[in-house]
Amino acid sequence: MKIRFLKHVIRAALLLTATSSAIAATYTLPVGNDTVIGEVQKVVAAHEDTLLDIGRRYGVGYEEIVAANPGVNAWVPGAGTEVVIPSRYILPDGPREGIVVSLSEHRLFYFPPRKQGEAAVVRTYPISVGRMDWHTPLGLTRIVSKREKPIWYPPESVRKEHAADGRPLPKAVPPGPDNPLGEYAMRLGIPGGAYLIHGTNRPSGVGMQVTHGCVRMFPEDIKELYGLVPVNTPVRLVDQPYKMGWRGDELFMEVHTPLEGTETAETHSLTNITKLLVAATQERSVVIDWAKAERTFQSASGIPEPVMLHPASTVQVVNDSAGR
């Protein structure tokens, strides 16, 4: 675990700050039992691009863009390289209201109140979450206050950590380029800690498990969300590395690598995936493509993949089995 964490630290230190603004992702909420939104996109890298540059332009964070493009060099993908944008999502389980922070997914979903005469929508943004020894807590809370150009008061535990590394912090960091909260911060009503949804002065680290428990966003994203979200908005923090969802008659499966410090052989297993697939199909007579489900589990690309055998495929499997 320590080696993996050190890799994150080194990676974050080496990242170059992307300068492009992200594309705000807004989707009409599906009706009925459907939970799949968006579509996977593909773009072609220019010679000066990194995966981080491309990800930020399309509203995708570091872990998401890297997981969706195995084998592609994150720093020099190369001119002409086709890059997958993982912009298809399965909505998190639970009520479609307020803010939902999906930790393993490194993603925030905001369900604004429906406007009269308009379809209900969801907005989604990439985020960073708490690292292995500073986990972002789970549960239901709310936005209790908002502040533009916030002052950062580092907790004593954070000051001790920095002092031990030879990087002492003051008791208060004023607004400006050295403030890690960025330009906007929204405080969560979680007892026992100062947990925030905030911006950053180091946007290259968005999409990683690197914070002291807060939820970190791209500067342009927190600016937008700050203007949309009122105080007392409910916030639900969940950890759902495996999700099943429907789009019409098609069943999709989405798998993310569990957060460092949470994965175990018992939780990260095909057995649990099997249980979720069985539960998702209890009320529908469908045939699961178990080979595809296993590949989706093993790749953990974060992209929802269809995992059903269609009628023609089912017949072929039966015939092949009979031939043997």
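Within segment 220-265, work out how many residues are farther than 21 Å from Pro137 by Cα and assigned to a loop (DSSP other than H, G, I, E, B).
The total comes to 4.
Among Gly78, Gly59, which is in a loop (DSSP other than H, G, I, E, B) and either surrounded by fewer than 17 Cβ atoms within 10 Å (Cβ to Cβ) or touching a Phe, Trp or Tyr at 6+ places or on another chain (Cβ under 6 Å) (or both)?
Result: Gly78 is the single residue among Gly78, Gly59 that is in a loop (DSSP other than H, G, I, E, B) and either surrounded by fewer than 17 Cβ atoms within 10 Å (Cβ to Cβ) or touching a Phe, Trp or Tyr at 6+ places or on another chain (Cβ under 6 Å) (or both).
Of all residues in segment 108-124 being of a type outside the set (A, V, I, L, M) and in a loop (DSSP other than H, G, I, E, B), which is farthest from Lys223 (Cα to Cα)?
My answer is Gly117.
Looking at segment 141-185, which of its residues are aliphatic (A, V, I, L, M) and closer than 19 Å to Arg202 by Cβ?
Ile151, Val158, Leu169, Val173, Leu181, Ala185
Going residue by residue through segment 92-99, is there one that turns out to be under 17 Å from the mean Cα position of the chain (by Cα), surrounded by fewer than 19 Cβ atoms within 10 Å (Cβ to Cβ), farther than 18 Å from Thr35 by Cα and among the charged types (D, E, K, R)?
Looking through segment 92-99, none of the residues is under 17 Å from the mean Cα position of the chain (by Cα), surrounded by fewer than 19 Cβ atoms within 10 Å (Cβ to Cβ), farther than 18 Å from Thr35 by Cα and among the charged types (D, E, K, R).
Let me spell it out: the conditions are (1) in contact (Cβ under 8 Å) with a residue 12 or more places away in the chain; (2) of a type in the set (A, V, I, L, M); (3) open to solvent by 20 Å² or more (accessible area, probe 1.4 Å), and Leu225 meets all of them except one. Which number is the exception?
(3)
If a residue must be assigned to a loop (DSSP other than H, G, I, E, B) and more than 24 Å from Val129 (Cα to Cα), how many such residues does segment 44-56 contain?
So the answer is 5.
Could you please give the count of residues in segment 125-140 that are surrounded by 15 or more Cβ atoms within 10 Å (Cβ to Cβ) and either modelled with pLDDT under 95 or outside any loop (DSSP other than H, G, I, E, B) (or both)?
Of the residues in that region, 11 qualify.
For Gly182, state whether it is open to solvent by less than 40 Å² (accessible area, probe 1.4 Å) and within 20 Å of Leu108 (Cα to Cα).
It is true that Gly182 is open to solvent by less than 40 Å² (accessible area, probe 1.4 Å) and within 20 Å of Leu108 (Cα to Cα).
Please go through segment 31-56 and pick out each residue that is among the small types (Gly, Ala, Ser) and buried (at least 19 other Cβ atoms within 10 Å of the Cβ).
Ala45, Gly55
Taking segment 146-179 on its own, how many of its residues are open to solvent by 40 Å² or more (accessible area, probe 1.4 Å), touching a helix residue (DSSP H, G or I) at 6+ places or on another chain (Cβ under 8 Å) and assigned to a loop (DSSP other than H, G, I, E, B)?
Counting residues in segment 146-179 that are open to solvent by 40 Å² or more (accessible area, probe 1.4 Å), touching a helix residue (DSSP H, G or I) at 6+ places or on another chain (Cβ under 8 Å) and assigned to a loop (DSSP other than H, G, I, E, B) gives 2.
Out of (1) in contact (Cβ under 8 Å) with a residue 40 or more places away in the chain; (2) open to solvent by 50 Å² or more (accessible area, probe 1.4 Å); (3) more than 17 Å from the chain's Cα centre (by Cα), what's the single condition that is false for Gln116?
That leaves (1) as the condition not met.
The values are calculated or read from the model by the stated rules, or taken from the named source; none is laboratory data. For clarity, every value in this text was computed on a predicted model and none was experimentally measured. For neighbour counting, all protein chains shown are included, and Cβ atoms are generated from backbone atoms with ideal geometry for every residue, glycine included. The accessibility values were calculated without ligands, DNA or RNA, using every heavy atom of the protein model including side chains. Shrake-Rupley method; radii C 1.70, N 1.55, O 1.52, S 1.80 Å.
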